[in-house]
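Here the structure comes first, spelled out in structure tokens, and everything after it is commentary.
The values are calculated or read from the model by the stated rules, or taken from the named source; none is laboratory data. All values reported here derive from a predicted model rather than from experimental measurement. Cβ coordinates were reconstructed from backbone atoms using ideal geometry, including for glycine residues, and neighbour counts include every protein chain displayed. Accessible surface is based on the protein model in full, side chains and every heavy atom, while ligands, DNA and RNA are left aside. Shrake-Rupley method; radii C 1.70, N 1.55, O 1.52, S 1.80 Å.
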Amino acid sequence: MAQLSVSSAESVANIEELLSQILVWVPALSLIRFKCVSKHWLALISDPEFRRRHTLRNPNSKISAFFSPQTSEETFESIRLGNHEIPPRCNPFKTLNNSVADESKLRILQSCNGLFLCHIPIFGEQTKHHPVYVVNPTTNQFRVLSSPTVKEDMDIMAFVRYALAFDPSTSPHYKVVCVNNFPHYYKRGQHKIDIYSSETGKWKRLEVPFFPSPSDVGRHHDSMKQAMHFDSRSREGAVYCNGAVHWTRDRGVESLPFCWFPDDRVGFTREETDVLHYFDIGQERLLVAPATPPVPLVVKNIPLKVSGFGCKTPTVWPSLTKRYFGECGGCLYLIETYKHCNTQFDVMEMERDYSGWLVKYHVDLNPLVAALNPGQDWNGFEVLCLSQEEETDNGVEDSSADLLLHMPGKVISYNFWNKSFKTSVELANKELFLASRHNHRTREDVIFPYMETLACL
């Protein structure tokens, strides 16, 4: 009977399609280990058609880890959530770092459903543009994409922005978007956009006009704000959501202006330059959402004082310290923290038709800080992501709407609805290493989510 059982098992294993149907449901990192079972399994799991089926079958993999934006000792530091797995610490970024002759360090620009877009920043005396890299840490693979737009005679510091678009629910292929406005294109009022398709392995070129800024009409060129232009004020890393890649403004938004209005009102306001640009992948169009985010409640509540001239002025000037810009459940979210009170902030959501930002939640983390560090100075937190929001049968949002925060030594899950919190992960390394390990941290630094995928590059 035992012999018959073994024989039956071997017969089942040899049925290629049945084995494939079983393995296509197995998590990607487990499949990587299963390659060692036999040559037969190695060939099956490595087959591009099987990987395509696995990618389409598992489009909504859960976030299992987060990576720091730049390398430390030739690897990207990371934290994992719960019992999820992450790739080996040097996989495959060490190989990329070692391939760069001038000792520059690799930096992550964006993560998108398991794939990472990386580049080598240009600093100091460097005189060349490095290629960009599409990386799959799960399979330990990467693809090098030389810049399609840079020539030897072009300004090395010219404005360039890249973005990665990958949606495994619709296609196993990805696209990389490159936007620039080199001087001779800038004078013509155009952006040059190149799109790389992994399906064709080729770049496609588009030329699109700048967006006119209404307030610039009639102004001399030297005094134009060029509020709607897509330029170096926009964040380097993009966010993919609903078939488009998005760049929010980050540079230059140090503080909000304080205004005295004609009807005797006073208060902080937004400048028209605080806009959102996005590139629709299907339509191949660069667009702009000119609606500025609302002034956060923590800024609105700054007390006013009467100056010697009888004018009301704020007692504190808000200084922006960090901006989180990300996606959850098909919506874009923006969170700003200000130096005078970084434990209180608004969670802003962009309307799906790009008509404007709305305040989704007001968050006060002071009770959390008091519970974690009573009587001590609290040295900050990092927003990791928003959790997937679910709905009940009557259309009311479920209580599972959470915000994941990285704090010293732990990852905290904060519930928006009942304002409760719990420790999701206790970290062996008690330092806030993803947020503050690097000396040259800026507001643009982002913590990048990772999820498993067998997607081919």
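Data for the structure
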read-out	value
Residue list for the range 239-282, restricted to those being among the β-branched types (Val, Ile, Thr), assigned to a strand (DSSP E or B) and farther than 30 Å from ASP167 by Cβ	VAL266
Odd one out for MET228 among (1) in a loop (DSSP other than H, G, I, E, B); (2) modelled with pLDDT of 90 or more; (3) touching a Ser or Thr at 6+ places or on another chain (Cβ under 6 Å); (4) not small (Gly, Ala, Ser)	(2)
Meets criteria (open to solvent by 50 Å² or more (accessible area, probe 1.4 Å), under 20 Å from LEU334 (Cα atoms) and touching an Asp or Glu at 6+ places or on another chain (Cβ under 9 Å)) for ARG205	no
The lone exception for THR75 - which of (1) modelled with pLDDT of 70 or more; (2) crowded, with 17+ Cβ neighbours inside 10 Å it fails	(1)
Subset tally (residues that are part of a loop (DSSP other than H, G, I, E, B) and either at pLDDT 90 or above or surrounded by fewer than 18 Cβ atoms within 10 Å (Cβ to Cβ) (or both)) for the range 399-413	3
Any chance THR337 is open to solvent by 30 Å² or more (accessible area, probe 1.4 Å), of a type in the set (Ser, Thr, Tyr) and on the phi < 0 side of the Ramachandran plot	no
Lone unmet requirement of (1) touching a residue at least 40 places away in the same chain (Cβ under 8 Å); (2) assigned to a helix (DSSP H, G or I) for ASP222	(1)
Cβ-Cβ under 9 Å pairs, at least 6 apart or on other chains, the range 250-268 side of a type in the set (Lys, Arg), far side at pLDDT 80 or above	ARG251/SER232; ARG251/ARG233; ARG251/SER234; ARG251/ARG235; ARG265/CYS259
When residues of the range 228-267 are limited to those that are of a type in the set (Ser, Thr, Tyr) and under 23 Å from THR321 (Cβ atoms), the one nearest to the chain's Cα centre (by Cα)	THR248
Hey, VAL425 modelled with pLDDT under 60, hydrophobic (A, V, I, L, M, F, W, C) and either open to solvent by 30 Å² or more (accessible area, probe 1.4 Å) or over 20 Å from the mean Cα position of the chain (by Cα) (or both) or not	no
Members of the range 49-61 that are open to solvent by 40 Å² or more (accessible area, probe 1.4 Å) and over 17 Å from PHE166 (Cα atoms)	GLU49
Positions within the range 25-46 being outside any loop (DSSP other than H, G, I, E, B) and of a type in the set (Lys, Arg), in sequence order	ARG33, LYS39
